[in-house]
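Heads up, the thing below is written out as structure tokens.
The values are calculated or read from the model by the stated rules, or taken from the named source; none is laboratory data. Please read all numbers here as calculations on a predicted model, not as lab measurements. Counting neighbours? That spans all protein chains shown, and the Cβs are built from the backbone with ideal geometry, glycine included.
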Amino acid sequence: MIAIAACAGVMVASAGTARADPVALSLAMRLSPERFPSLTCQQLRTLERKVLRAGGICERAGGGRGVGRAEPVPLLHPDGAGGGPRVGGVRVRCLGEDERLLPRRAKAYLKDLREAARNKSCEPSR
């Protein structure tokens, strides 16, 4: 079992299940869903990618939904500097391609976000 804990903005692996960094997700989801209708399609797509990245969802091989890298992102470079993508200044890493890894509140946020995009007739994310 492997668990992830945020320690000074760095995700740390230990015994348990892999989880998204709650700090990164909170930062990515700080915009109220009530404001989604006022966003442009590009802003909605950018926010979707940001939430997926914060949740540790990787880009699928050959494209498709998801962001980040398909291969695991190192937590730290050999020199101790942080590696991998950042969300709101918090380092995040790829946990997998499956959105089922996301916590319930992130899934609900993305559902609302995607519904707002459909209501605006935005093209789906690539």
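Worth pointing out:
- Verdict on Gly89 being under 11 Å from the mean Cα position of the chain (by Cα), at pLDDT 50 or above and among the small types (Gly, Ala, Ser): no
- Residue count for segment 29-61, restricted to those that are in a helix (DSSP H, G or I) and out of contact with any Leu (no Cβ under 8 Å at 6 or more places or on another chain): 12
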